[in-house]
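Worksheet: the structure to be examined is printed underneath.
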Amino acid sequence: MSADPAIMERLHRHGQEHLVQYWAELEAEARAVLVAEIESIDFEQLDRLIAQFVRGDEDIHVAASDVEPIEVTRMPETDGQRASRRRSASLGAEMLAAGEVGVVLVAGGSGTRLGFEGPKGTFPIGPVSSASLFQIHAEKIVALSRRHGRPIPLYIMTSPENHQATIDFLDRHDRFGLEHLRCFPQGRMPVVDRVTGKVLLSSRDHVSFAPDGHGGVLAALAAPAGDQSCLDEMRDLGVNTLFYFQVDNPMVRIADPTFLGLHREAAAEMSFKVVERQAPEEKLGVVVRVKGRPSVIEYSDLAPELAARRIGSGTLELWAGSIAVHILERSFVERMAGDGRLPYHRAIKKTPFLDDSGRENRPDSPNSVKFEQFIFDALPRAERWSIVETDRAGEFEPLKNAVGPESPATVHQRMSDQFGDWLEQAGAVVPRRPDGGVAFGIEISPLFALDAAELRAKIEPGLVVERPIYLR
């Protein structure tokens, strides 16, 4: 028995007939699953992507002459600049108190690179408590909501693979006290063979899919789900401004009032936080102007001569590194989700697949192309924007690797150093190693103190910290 003629004709038209090569071996339920997956694929779009990224020249080079630095609101250095920042913070606090701000957390990743089973957000990263990334982020939102007298809604974008596991984890922990939480899955794209462009099968009755990248958040927020999409719900709640960040950075100042205020003062549709790049080869997207428009160039796409170009003081000319912390106006997201589809990028990966003989093949080298969208590609579409520098030590230490840089060890140290700084500002004595780092784990729950100023009001000066401590 053959598959439905309409399905067969569609597959033949796009050269993907092999997707039903095991049809005769499948039970009715498995056939229905496979048909549903095939029908979910936009083959016209896929043909264009295959032509560009598999059969064509996928590299898009930016001419050096088209690239120039972008204007950035730098860290304040004078009393006048610090006073201006305080005014911005007051405006941001008004936005929070008015209930205008929602938080979008991108958490579709797994802990594979960390040697950890489960969604990355469930990884235990507290240097003393072993609190998960989700707990730390959630407690910041709960504390901020209490401070400003309004619940701040949190929207977590999962992947199809970790969606239910994320919900189950949050439910087991009573959502860490969050009053308004909604999880929504990002979209997915079929995975194709790197040479032929054929869509891979993961099994006889399943197409191989991969998440569509963090840029998929725009379409996912607009996707119908239940009674209303996330964007519809935000509109009903009066949420106009979205604070966006990624799950792997526990240092983020979520819904930072100063950043919110600077965004509002600029009447921006999209804003970025950036840090100064430490070296030409640092793996951060670089915020620049390309032909006059604000843009982000991935570190892997930045020509070496551009990455290393320096100005008279010896600092990098293109220094503004994106840390994936953004603010977007809801109206801008609605516009982008409607008719401003982001471009796709190519990712070459190793993907297990079912070969023509029906055996599972686990390749030793990259064999596939995955298609991803990046949220930063929305920046050139914004009519107004702001780029704001932040303190790397205070807000950026992502968790990506099991050992070495950006690992649990470096995150624990950075968090402990920050909390040690807070304690010292409050008059405590904190032992330090010769390199200046805190000598042991120190952790302060956001529910105890959200910042150094709040901590000063809660501890007595003269406290001597002699061992690991967790204040909660």
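We did not get these values from a lab; they are worked out from the coordinates using the rules stated. Just so it is clear, the structure is predicted and the values come from calculations on it, not from any experiment. With ideal geometry, Cβ positions are generated from the backbone for all residues, glycine too; neighbour counts draw on all protein chains shown.
Considering only Cα-Cα distances, which of the following residue pairs are longer than 27 Å: Lys120/Lys291; Lys140/Lys400; Lys120/Lys349; Lys283/Lys350; Lys120/Lys458; Lys400/Lys458? All intermediate terms of the calculation are to be shown ahead of the outcome.
Working: Lys120/Lys291 38 Å; Lys140/Lys400 21 Å; Lys120/Lys349 19 Å; Lys283/Lys350 21 Å; Lys120/Lys458 33 Å; Lys400/Lys458 34 Å.
Violating the 27 Å Cα-Cα cut-off are Lys120/Lys291; Lys120/Lys458; Lys400/Lys458.
The calculated FRET efficiency for the pair Lys291 and Leu447, based on their C-beta separation and a Förster distance of 45 Å, comes to about 0.40. Using a simple spin-label model with pseudo-atoms 7 Å out from Cα toward Cβ, Ala64 and Glu265 lie 3.7 nm apart. Multiplying the residue separation of Ser365 and Lys350 by 0.36 nm and removing their Cα-Cα distance gives an extension gain of 4.8 nm. Using a simple spin-label model with pseudo-atoms 7 Å out from Cα toward Cβ, His12 and Glu282 lie 5.7 nm apart.
Stretched out fully, how many nm does the piece from Ser40 to Arg341 gain, at 0.36 nm a residue minus the Cα gap?
106.6 nm
Taking label points 7 Å from Cα along the Cα-to-Cβ direction, Lys458 and Glu94 give a separation of 2.9 nm. Compared with the dominant principal axis of the Cα atoms in the chain, helix 79-97 is inclined by about 60°.
Specify the angular offset, from 0 to 90 degrees and rounded to the nearest 10, of the alpha carbon long axis of helix 43-53 from the longest principal axis of the alpha carbons in the chain. Approximately 70 degrees, to the nearest 10. Among residues other than Ile7 with Cβ under 12 Å from its Cβ, the summed charge is -2 (Lys and Arg +1, Asp and Glu -1).
Considering helices alone, the calculated mean residue ellipticity of the chain at 222 nm is -9000 deg cm²/dmol, with DSSP H runs of length four and up weighted by -39500 (n - 2.57) and normalised per residue. Converting phi to 3J(HN,Hα) with the Karplus coefficients 6.51, -1.76 and 1.60 and the offset θ = phi - 60°, segment 387-396 yields 10, 10, 7, 10, 7, 4, 4, x, 8, 8 Hz in sequence order, with x at every glycine or proline. The length gained on full extension between Gln21 and Ile311, counted as 0.36 nm times the residue separation minus their Cα-Cα distance, comes to 98.4 nm. A Förster distance of 56 Å, applied to the separation of the beta-carbon atoms of Asp391 and Ala28, puts the FRET efficiency at 0.40. Summary of the geometry: segment 10-60 and segment 163-241, compared by the centres of their Cα atoms, lie 21 Å apart. The ranking of Ser40, Ser416, Ser229 from fewest to most other beta carbons within 10 Å of each one's beta carbon is Ser40, Ser229, Ser416. Taking Cα atoms only, the orientation of helix 133-148 departs from the longest principal axis of the chain by about 50 degrees.
Which of rounded, prolate or oblate describes segment 407-472 when judged by the alpha-carbon gyration tensor and an a/c cut-off of 1.5?
On the way: a/c = 1.96, a/b = 1.29, b/c = 1.51.
Oblate is the answer for segment 407-472, as a/c is 1.5 or above yet b/c matches or exceeds a/b.
Highest-first packing order for the peptide set 131-138, 261-268 is 131-138, 261-268, based on the mean count of other beta carbon atoms within 10 Å.
Taking neighbour Cβ counts within 10 Å as the exposure measure, how do Lys120, Lys140 sort from fewest upward? Starting with the residue having the fewest Cβ neighbours, the order is Lys140, Lys120. Amide H contacts of Leu200 (H built 1.01 Å from N, in plane; Pro and chain starts excluded): Val191, Val192, Asp193, Ser208 sit under 5 Å, all sequence-distant by 5 or more or on other chains.
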